[in-house]
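Student: The structure under discussion is supplied below as structure tokens; questions concerning it will follow.
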């Protein structure tokens with residue numbers, strides 16, 4: 001079996017032998033329900049923009065049980081340089097955003113989280129140490145997700161109302177844990193461009209999904225594995241064009257443009273220019289509303305009568 005991140009092809013399972021009674025419950029466990037795309041966004045806006053930053057920092061190394069100071073320093077850049085640059089840029093354009101933070105990162109950089117909240121942004125759950133939650137026993141996944149929420153509240157003073165799982169990893173138990181915690185949204189799944197209600201075993205859950213997509217994520221374009229074959233290959237201008245086209249589609253549809261970024265990638269000089277030019281471009285359109293993920297989820301719930 002291929003290891004995570006090694007770029008290899010996993011061995012084929014014997015799923016071609018499965019009867020319908022086996023594969024259908026797997027498919028139906030977590031599905032997209034009704035669309036929660038509202039008729040209008042706050043203030044009569046035509047399009048919503050939800051900017052998000054996954055502040056993984058040092059946990060990108062710690063998650064694998066590694067201790068390389070070189071690799072850890074790449075994550076440290078996210079806190080030392082990336083987040084301050086991002087916050088300054090967001091303040092310049094009065095754009096609110098959501099920061100998804102592993103609990104270990106919050107413990108390493110508590111002042112960063114307090115500043116994020118103080119400047120009007122949202123803190124969301126993003127694991128304990130960026131663990132692969134789908135590989136954990138259910139009790140361990142539940143414990144870590146709940147402890148992460150408690151730690152974020154303790155440090156930031158803001159109780160999280162939403163979650164983004166690390167690497168958008170989703171187990172058969174994640175949704176049940178999220179519901180038990182009373183969270184109002186998840187942002188880890190990919191069944192639509194616009195918000196929808198998640199179903200569990202065919203039943204509505206009341207949990208709003210704010211869908212992600214690798215196309216709208218900076219990591220696939222700029223991540224690098226120094227011991228693997230992956231190398232950044234897309235220039236900033238190319239990434240800017242992709243993000244602009246994704247926004248254009250959301251604007252045309254009157255929908256949601258949700259973008260995922262990482263401070264240790266987007267925080268570099270040439271890449272932060274992409275974000276600034278993108279914000280300028282979006283704010284140059286009439287009727288564009290910038291909200292946190294919590295803002296978006298609450299508006300969708302209200303409009304749907306949830």
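The values are calculated or read from the model by the stated rules, or taken from the named source; none is laboratory data. Everything quoted here is computed from the prediction, not taken from an experiment. Every residue, glycine among them, receives a Cβ derived from its backbone with ideal geometry; neighbour counts consider all protein chains shown.
Student: For segment 75-87, state whether one or more residues are over 22 Å from residue 293 (Cα atoms) and either assigned to a loop (DSSP other than H, G, I, E, B) or modelled with pLDDT under 95 (or both).
Tutor: For segment 75-87, residues over 22 Å from residue 293 (Cα atoms) and either assigned to a loop (DSSP other than H, G, I, E, B) or modelled with pLDDT under 95 (or both): present.
Student: Applying the selection to segment 282-292, what residues are surrounded by fewer than 15 Cβ atoms within 10 Å (Cβ to Cβ) and in a loop (DSSP other than H, G, I, E, B)?
Tutor: Passing the criteria: 284, 285, 286, 287.
Student: Given segment 216-281, what helices (runs of 4 or more DSSP H) lie entirely inside it while holding 1 or more residues that are under 17 Å from the mean Cα position of the chain (by Cα) and within 17 Å of residue 83 (Cα to Cα)?
Tutor: 219-222, 263-266
Student: Out of the residues in segment 56-70 meeting the condition of being assigned to a helix (DSSP H, G or I) and touching a residue at least 24 places away in the same chain (Cβ under 8 Å), tell me which one is surrounded by the most Cβ atoms within 10 Å (Cβ to Cβ).
Tutor: By that ranking, first place goes to 59.
Student: Another one. Can you find a residue in segment 228-236 that is loosely packed, with under 13 Cβ neighbours inside 10 Å and touching a residue at least 40 places away in the same chain (Cβ under 8 Å)?
Tutor: Within segment 228-236, one or more residues are loosely packed, with under 13 Cβ neighbours inside 10 Å and touching a residue at least 40 places away in the same chain (Cβ under 8 Å).
Student: Find the residue count for segment 106-141, including only residues that are surrounded by 19 or more Cβ atoms within 10 Å (Cβ to Cβ), part of a helix (DSSP H, G or I) and in contact with a helix residue (DSSP H, G or I) (Cβ under 6 Å, 6 or more places away or on another chain).
Tutor: Adding up the residues that qualify gives 5.
Student: Testing residue 145 on (1) surrounded by fewer than 19 Cβ atoms within 10 Å (Cβ to Cβ); (2) more than 30 Å from residue 40 (Cα to Cα); (3) touching a strand residue (DSSP E or B) at 6+ places or on another chain (Cβ under 9 Å), one condition comes back false. Which one is that?
Tutor: Here residue 145 clears every test but (1).
Student: Something else about it: Which residue out of 24, 31 is under 28 Å from residue 176 (Cα atoms), at pLDDT 90 or above, assigned to a strand (DSSP E or B) and out of contact with any helix residue (DSSP H, G or I) (no Cβ under 7 Å at 6 or more places or on another chain)?
Tutor: 31 is the lone residue from the list that is under 28 Å from residue 176 (Cα atoms), at pLDDT 90 or above, assigned to a strand (DSSP E or B) and out of contact with any helix residue (DSSP H, G or I) (no Cβ under 7 Å at 6 or more places or on another chain).
Student: Sticking with this one: Could you grab me the full set of residues in segment 71-103 that are surrounded by fewer than 19 Cβ atoms within 10 Å (Cβ to Cβ) and under 18 Å from residue 130 (Cβ atoms)?
Tutor: Matches in segment 71-103: 71, 72, 73, 74, 76, 77.
Student: Moving to a separate point now. Could you list, in sequence order, the residues of segment 166-197 that are more than 14 Å from the chain's Cα centre (by Cα), more than 16 Å from residue 294 (Cα to Cα) and not in a loop (DSSP other than H, G, I, E, B)?
Tutor: 174, 175, 176, 177, 180
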